[in-house]
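Notes to accompany the following structure.
The values are calculated or read from the model by the stated rules, or taken from the named source; none is laboratory data. All values reported here derive from a predicted model rather than from experimental measurement. Positions of Cβ are generated from backbone atoms using ideal geometry, with glycine treated the same way; all protein chains shown enter the neighbour counts.
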Amino acid sequence: MPPSPSAAAGVTQLLHAWRGGDGRAGEALLEKVYATLRRIASSQLRGERPGHTLQPTALVHEAYLRLLGQQAIDWRDRAHFFGLAAVTMRRVLVDHARARNARKRRRDEAAEPLTLATQGGPGVELLDLDRALTDFARSYPRQAKVVEMRYFAELELEEIAVCLDVSPTTVKRDWTFARAWLRAALAERP
Amino acid sequence: MSDERLPELYQRALELDAPARDELLAGLRRDSPELADELERLLSFPPSVPSPIDGSPWRGDLAPELAAAPDAVPARIGRYRIVRELGRGGMGRVFLAEEETEDFRRTVALKLIDRPGPDEEAVRRFRAEVRILASLEHPGIARFLDGGRSPEGVWFLALEYVDGKDLLQHAREFALPVRERVELLVAVLDAVAYAHSRGVVHRDLKPSNVMVGSDGRPRLLDFGISRVLDSAAAHVSVTNTDWRPLTPAYASPEQFQGERVSARSDVYSLGVMLYELISGRRPFASSGESRVAIERAVLESDPEPPSTAARRAGRRPTDPDDSRSSGADRAGSVVDLDAICLKALRRDPGRRYDDAAAFRDDLRRYLAGTSVEARTGGWASGAGSVLRRHPGRLSIAVALVLVAGLIAIAVASSRHRDAGARAVAPAASPRIFPFDPSNPPPAQESERRLAEAPEDLVAGSALVFRLARDGRVEEARIAVGRMRQVPGQEREPLVDYAEGRVASVEGEDQRALVFYTRARDRALADGRPELLGAIRTSRAATLSKLGQREASLAELEAARADSERIGDQRTLYRTLNGLALEHLQRGEMDQGVDDLEAALAAAEASGVEPIVTLENLAAVRAVQGRPDLGEPLARRLIDHYQRAGRPFDEGEVSRNLALMLRDLGRPEEASVMLGRAVVLLRDSPHGNDVADALQAQAVVALEEGRLELVEPIVAELEATATKSLKWLPLGYAHWLRGRQAALAGDLASARRQFAEARRLVLAGGERDRAALLDLAWAEAEAAAGDVAAALRVVAEALAELEDPTGTEAGYFAETLRARLDAEAGLVPSARDRLRALGAEAATSPSVRRRLAFLVARAAAEAAEGRAVEARADLEAALALARQGQRKLTELELRLELAALEARFGPAAGAQAQSASDLEREARAVGYLALAERARALDRASRSARSL
């Protein structure tokens, strides 16, 4: 299961290149991570009862292990990897929600949107949240990344701070702001 | 919304208070009205309001529809090397792993879990839970090894890996006969009892969590894990009830309802396991497998006895497996085992066994063939003790007493005994019920009469009642059958009544109701008024069991009228007790008291010893804060128990009486009584009994300022806890240590001890007790000056009670809050609270209540600047304290007076309080915290004077 040394080295190079600003390296990396995560997530999901939880952080770390093995890499690269994983996890979920809706519609059943578990508030659809988050990112990109990393990958405050190269206090503030903003944005919908 | 200044402005606005915030907005509106609008909109969703991103997208209803791929198993998690996946349980993935350190290698079960929560507080709680679980060491419990976050960022729990077959598999494969199955469960109970004594509740007991190894010894898995996971989940989804992690087939009613779980919930689950072990089916298997169906069954219906279930399934009651029957069964009867099982399965937690140890002990009695508590029930060991054990509140468990409709422990006086023997012959127009249904004449007598006159339906019914009372249910059924053969029997209400009684004893309440109703209607139609009172009372009891409270009450009222009309005092006595309990359960205290008093009168008139009534009334008086009225009742009870040779009941009542005497300001008498109680209770097999008495002794010692007496009591409590595996003595021990620490001024230690005490007592399901104990904690916080903490603890204490009004804890919580309000300057609020306590509070016969009230009122008066009144109240309180030898209170009051003087100047003509004297005295007694405060006051007033 661990990658061959050359494969791992390849991924490390991509990471490094991406951090250095190479956009195509980033895309290649994204595809790899995406595929890996889908595989892991599906195997975790299979057989679980509805309402059961996955281990987002475990997913991330597993993906990391699969792609990079035990390679010692720069901790900044590592942090970046996590950020990337968060993005892909979001994509995995959104894809899944869309496919599901499409399937339900085809079967002429009442489309049961992927409702997120919320703490006492109204149920929110994943796709609505995704859209709102995209809006949010246009004006407040860093805050949106914080949300992505915390919400989809459940990364810790410190990890997010390292990845975005800001202080943990800033991350906390970003999160507080994002909570309010998204709440306000999604309250408009029926 | 896209202005880059917005985040910063939002942050700043959050930190301002309302007026400053408005100013900010107003200023902003002048320059950029749109930005102001956006900011305002954001502020309308403050951090306390839930946000869509508070949860997690990985919960909810994700179907496994993603691309298939081989199972992904990580190679390592921290220092654990993964061997293979064990399976997916209800709580996540479990791996078989090997832990390698320098010294050894061992096999563990590794469970991946969610991160405990979004903040440090949650992580701290998680770690505290982990520490508690790791401290459990018992051969019957799989060791909890570790828990936390791995270097890779994965949260996990590591447990000792146990291989084997689960409980039911093992029983099946080895074709165990009933006796050995019971023994197996006893071994399980041993382990659970150990954990309960440490305040750890399993919460998810089921056969798959019990592994039986090749040595035949069971080991429990996943102890306490449920709670760890729950607190992880709690921060995410509250509304998503599907997610609540419980196994419906084994969950207790309170778990379905989301209420607090305690040791009694474990007892329930173990009851289900016992049921399944001995009958081959689960108690509600017929309702269906869906969670909803099971939930409804658990919450609304009663299971049939396991032996009946076994019979129905075509198995012989003593041999669920059709395997070799153990001829050497010297164990108790099937009825005994049924009773034990059903007791564990009671819907009301208060009516089950307290904890695993009590359950196990009764099973052991069954195995030894001795009399089993589940059947002799509350009555023989003192049904009233049910109320007694719930200090400060009238427990719903008194419904126990209503169960068979046979309430009086009729210790027959000689007059009464004769009446019983005579009464079977039907008189021309019998004025009262022909025999005493709660104490029918001996079976032989009735059989003799029937031999002479087989159509004697009165004798027949008396026989049935007697057999039912003695637990000879089969014979009772046969006797009913014989009666049914008598021509004309269908016109005799007694026959239906008797058959209803048998159904009731078998736990078939619906059937019992049918018969009782028929009996009643026939009695009405045929003009048999002397039967109505008794029949109606039994019918009411059954209605109550079925949850039809209104109907039950109405029936009892009718029964009362019937008995009063014909002057049947004996039946009236039963009815009045039933009425009293109904009223009390509804919180109608005065009505309940009236009923009980009337019951006492009826008992007197009919020559019955009204033990249960006395117990109930004494408990009510205690709750009402009327020790003066409780004292004579307690003395009567002690007298009775002495004559009846029941030392443990005598001991318990003596303890309560001692506290009453203290509360009446008679400390020497109280001490003597308390000493006697301890001596009597030390021999009790129930570890909790003597714990109550010891705790009372320690509290008295503390109050009297004899701190040195507390240590040996704490030691004895700890020893009792270890010996009897009970949580209460240990809880008390911690609580006492908390008080010691508070007196010494070590608030940090005190908090730890009080918290541990609370945990243990709550784990045992004793909420009222926990609330009362917590009030001492709140007082300690208040004394140390941490008002916020004091208020928080009070709130937590009250939250533990279902309904604080009318409870002891409720009263003292209010006085404390009134005091704290006054000290904070919130005088109107303080005054409101004082007023709500009622005019009687100031002159209450209960010294404690009066003291609490006076102190609170003095605080209000001081806050209002009315020094004279405040001083008067404090002096009055001081007199009370001195008279009652309450040294600590005395010192505290003197400090208050000194503080008053410092503030308002010395009273005209009165002797000044010397703070330095006070300090010395406090130190001499060991009340260091007060000594410090006295010293501070002394210093402050000296410097004030020198200015």
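Helices (runs of 4 or more DSSP H) wholly in the stretch B:578-648 with at least 3 residues that are at negative phi and surrounded by fewer than 19 Cβ atoms within 10 Å (Cβ to Cβ) - which ones?
Working: elements: B:589-606, B:611-624, B:627-644.
By residue number, B:589-606, B:627-644.
Which condition number in (1) within 19 Å of B:I432 (Cβ to Cβ); (2) crowded, with 20+ Cβ neighbours inside 10 Å; (3) at pLDDT below 90 is the one that B:I566 fails?
If we test B:I566 against (1) within 19 Å of B:I432 (Cβ to Cβ); (2) crowded, with 20+ Cβ neighbours inside 10 Å; (3) at pLDDT below 90, just (2) comes out false.
Considering only the stretch B:531-541, I want to know if a residue exists there that is closer than 16 Å to B:P437 by Cβ and polar (S, T, N, Q).
The first filter runs over the stretch B:531-541 and keeps only residues closer than 16 Å to B:P437 by Cβ, leaving B:531-541.
With polar (S, T, N, Q) added as a condition, the list becomes B:537-538.
Within the stretch B:531-541, one or more residues are closer than 16 Å to B:P437 by Cβ and polar (S, T, N, Q).
Taking the stretch B:431-483, which residues are over 37 Å from the mean Cα position of the chain (by Cα) and part of a loop (DSSP other than H, G, I, E, B)?
B:R431, B:I432, B:F433, B:P434, B:F435, B:P441, B:P442, B:A453, B:P454, B:E455, B:D456
Return a yes/no flag: does the stretch B:422-431 have any residue that is modelled with pLDDT of 75 or more, exposed (fewer than 14 other Cβ atoms within 10 Å of the Cβ), farther than 25 Å from B:H640 by Cβ and not aromatic (F, W, Y). If you could, list the steps in order and put the result at the bottom.
Just the residues of the stretch B:422-431 that are modelled with pLDDT of 75 or more, to begin with: none.
So far as the stretch B:422-431 goes, no, none of its residues is modelled with pLDDT of 75 or more, exposed (fewer than 14 other Cβ atoms within 10 Å of the Cβ), farther than 25 Å from B:H640 by Cβ and not aromatic (F, W, Y).
Count, please, the residues in the stretch B:122-176 that happen to be under 21 Å from B:A356 (Cβ atoms) and of a type in the set (F, W, Y).
Qualifying residue count for the region: 1.
Restricting attention to the stretch B:806-831, and to residues there that are in contact (Cβ under 8 Å) with a residue 24 or more places away in the chain and of a type in the set (S, T, N, Q), which single residue is surrounded by the fewest Cβ atoms within 10 Å (Cβ to Cβ)?
B:T807
Collect the residues in the stretch B:790-805 that are of a type in the set (A, V, I, L, M, F, W, C) and touching a residue at least 12 places away in the same chain (Cβ under 8 Å), keeping them in residue-number order. Please lay out each step first, then the result.
Restricting attention to the stretch B:790-805, the residues satisfying the condition of being of a type in the set (A, V, I, L, M, F, W, C) are B:790-791, B:793-795, B:797-799, B:801.
Scanning the stretch B:790-805 gives B:A790, B:L791, B:V793, B:V794, B:A797, B:L798, B:L801.
So which residues in the stretch B:652-679 are at pLDDT 90 or above, closer than 11 Å to B:A693 by Cβ and in contact with an Asp or Glu (Cβ under 7 Å, 6 or more places away or on another chain)?
Hit for the stretch B:652-679 is B:R655, nothing else.
Any residue at all in the stretch B:220-242 that's at pLDDT 75 or above, buried (at least 18 other Cβ atoms within 10 Å of the Cβ) and part of a strand (DSSP E or B)? Full working, then the answer.
Let us first name the residues in the stretch B:220-242 that are at pLDDT 75 or above, namely B:220-225.
Filter once more, so that each one left must be buried (at least 18 other Cβ atoms within 10 Å of the Cβ): B:220-225.
Filter once more, so that each one left must be part of a strand (DSSP E or B): B:220.
Checked against the condition, which is being at pLDDT 75 or above, buried (at least 18 other Cβ atoms within 10 Å of the Cβ) and part of a strand (DSSP E or B), the stretch B:220-242 yields at least one hit.
Which residue is nearest to the chain's Cα centre (by Cα), if the candidates are limited to the stretch B:806-839 and must be over 22 Å from B:Q585 (Cα atoms) and either of a type in the set (S, T, N, Q) or part of a loop (DSSP other than H, G, I, E, B) (or both)?
Checked the stretch B:806-839; the qualifying residue nearest to the chain's Cα centre (by Cα) is B:T815.
Taking the stretch B:33-58, which residues are surrounded by fewer than 14 Cβ atoms within 10 Å (Cβ to Cβ) and either more than 7 Å from chain A (Cβ to nearest Cβ) or in contact with a Pro (Cβ under 7 Å, 6 or more places away or on another chain) (or both)?
So in the stretch B:33-58, the residues surrounded by fewer than 14 Cβ atoms within 10 Å (Cβ to Cβ) come out as B:33-34, B:44, B:46-48.
Across the stretch B:33-58, the qualifying residues are B:P33, B:E34, B:S44, B:P46, B:S48.
Hey, can you tell me all the residues within the stretch B:459-493 that are under 20 Å from B:R536 (Cα atoms) and in contact (Cβ under 8 Å) with a residue 40 or more places away in the chain?
Once the filter is applied, which keeps residues that are under 20 Å from B:R536 (Cα atoms) and in contact (Cβ under 8 Å) with a residue 40 or more places away in the chain, the stretch B:459-493 yields B:R469, B:P493.
Can you tell me which residue within the stretch A:124-173, out of those that are within 14 Å of B:I53 (Cβ to Cβ) and assigned to a loop (DSSP other than H, G, I, E, B), is farthest from the other protein chains (Cβ to nearest Cβ)?
A:A153
Which condition number in (1) farther than 16 Å from A:R183 by Cβ; (2) at pLDDT below 80 is the one that A:G123 fails?
(1)
Among what's in the stretch B:128-187 and is of a type in the set (K, R) and in contact (Cβ under 8 Å) with a residue 40 or more places away in the chain, pick the residue that is farthest from A:E156 (Cα to Cα).
Pass one, the stretch B:128-187, residues of a type in the set (K, R): B:131, B:143, B:149, B:165, B:172, B:179, B:181.
After this cut, where a residue has to be in contact (Cβ under 8 Å) with a residue 40 or more places away in the chain as well, the list is B:165, B:172, B:179, B:181.
Numbers: B:K165: 40, B:R172: 48, B:R179: 54, B:R181: 49 Å.
By that ranking, first place goes to B:R179.
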